1. Quick test of your reading of the structure: ARG250 fulfils all but one of (1) open to solvent by 100 Å² or more (accessible area, probe 1.4 Å); (2) without any contact (Cβ under 8 Å) to a residue 24 or more places away in the chain; (3) assigned to a helix (DSSP H, G or I); (4) over 20 Å from PHE5 (Cβ atoms). Name the failing condition by number.
2. Looking at VAL192, VAL161, can you tell me which residue is of a type in the set (Val, Ile, Thr), open to solvent by less than 10 Å² (accessible area, probe 1.4 Å) and either under 21 Å from LYS67 (Cα atoms) or not in a helix (DSSP H, G or I) (or both)?
3. Got a number for residues in the range 71-121 being part of a loop (DSSP other than H, G, I, E, B), open to solvent by 30 Å² or more (accessible area, probe 1.4 Å) and either acidic (Asp, Glu) or over 12 Å from PHE147 (Cα atoms) (or both)?
4. Scanning the range 199-241 for residues that are hydrophobic (A, V, I, L, M, F, W, C) and in a loop (DSSP other than H, G, I, E, B), which turns out farthest from PHE5 (Cα to Cα)?
5. Yes or no: the range 315-322 includes at least one residue that is open to solvent by 70 Å² or more (accessible area, probe 1.4 Å), in a helix (DSSP H, G or I), out of contact with any Phe, Trp or Tyr (no Cβ under 7 Å at 6 or more places or on another chain) and free of Cβ contacts under 8 Å to residues at least 24 places away in the same chain.
6. Any residue in the range 181-203 that is at pLDDT 85 or above and among the polar types (S, T, N, Q) sitting within a Cβ distance under 9 Å of a residue that is open to solvent by 50 Å² or more (accessible area, probe 1.4 Å) and in a helix (DSSP H, G or I)? List the pairs, counting only those 6 or more apart or interchain.
7. Return the residue satisfying two criteria in turn: it lies in the range 253-287 and is within 20 Å of the chain's Cα centre (by Cα) and of a type in the set (Lys, Arg), and of such residues it is surrounded by the most Cβ atoms within 10 Å (Cβ to Cβ).
8. Applying the selection to the range 27-54, what residues are within 24 Å of GLU100 (Cβ to Cβ) and small (Gly, Ala, Ser)?
Amino acid sequence: MKIAFVGKGGSGKTTLSSLFIRHLAAAGAPVVAIDADINQHLGPALGLGESEAAALPAMGDRLPLIKGYLRGSNPRIASAATMIKTTPPGEGSRLVRVREPNAVYDACARPVELDGGAVRLMVTGPFTDADLGVACYHSKTGAVELFLNHLVDGPDEYVVVDMTAGSDSFASGMFTRFDVTFLVAEPTRKGVSVYRQYKEYARDFGITLKVVGNKVQGQDDIDFLRAEAGDDLLVTVGHSDWVRAMEKGRPPRFDLLEEPNVRALQALRAAADATHEQRDWERYTRQMVHFHLKNAQSWGNERTGVDLAAQVDPGFVLGEGVATPV
């Protein structure tokens, strides 16, 4: 299952995504965790030291390798250099799976040991001065989008992405790549305004959007979020001594997490798992192609010097039964 955590800066989405990743790992589920946030805090939230987090290989720096691997022998793609972040897979493309070894994981993923299990952690890489006015940060998150476009995942497999704050994912269509999006919202006007923005953008694309109320202090906060988000409000989370200790770099054993927060994480997993039966791979592929053609026309064709519409394989539908070329 592909899961995004989104929200405004400071909402607590990285903290909650890290708790969810720990929860899945403790249950023995295979997990690929991806930090696509401009601030790159997921590694430390999962217990890495500053030097360990800084040493993680950046997907954005390895984009040529990622493109070359995913291109495979697809005859519709003339070269890896002509691939853009929205390029869809077709016959001959290499697909990636959660449990397998492959060149992308070798180059970009590192194992992180957690209580009761381990996860693969991948990071886009931090936004640097070199990106200003030269290469938009979307070029870094584009590595994540390409990965998701070529990902075939099944039930009880999880890819959890901590997204950058704001609405950057709407610039290319990456918001359609997830089975469920958990929007972390504080009980404030600013917190719910982000929800309304996501709801509006996602309305026409069949996006499953659930609100996770964070920093909730009482019933008045719950009532406020319920009035704003209605049935989209899935769970609420309040103060946690476990989280406070984790933020100080001294996390207790994960099985000591407070029971209300454990129940909240269980509700998140149940909501994610429930979306598997609703999967529509044809719609998923169609949306992928839609945004690729849109990006090709607006900037991709000019940037690459080729007609990127020719990369679309009209007979190809991504799905769990599609074989991966060697």
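The values are calculated or read from the model by the stated rules, or taken from the named source; none is laboratory data. Keep in mind the model is a prediction, meaning the values are calculated, not measured. Neighbour counts run over all protein chains shown; Cβ positions are idealised from the backbone, glycine included. Quick note on the areas: whole protein, heavy atoms, side chains included, nothing else; ligands and nucleic acids left out. Shrake-Rupley method; radii C 1.70, N 1.55, O 1.52, S 1.80 Å.
1. Result: ARG250 fails condition (3) only.
2. VAL161
3. 11
4. Taking the candidates together, the pick is VAL216.
5. no
6. Here the result reads THR188/PHE224, each pair linking the range 181-203 to a residue that is open to solvent by 50 Å² or more (accessible area, probe 1.4 Å) and in a helix (DSSP H, G or I).
7. ARG269
8. Scanning the range 27-54 gives ALA27, GLY28, ALA29, ALA33, ALA36, GLY43.
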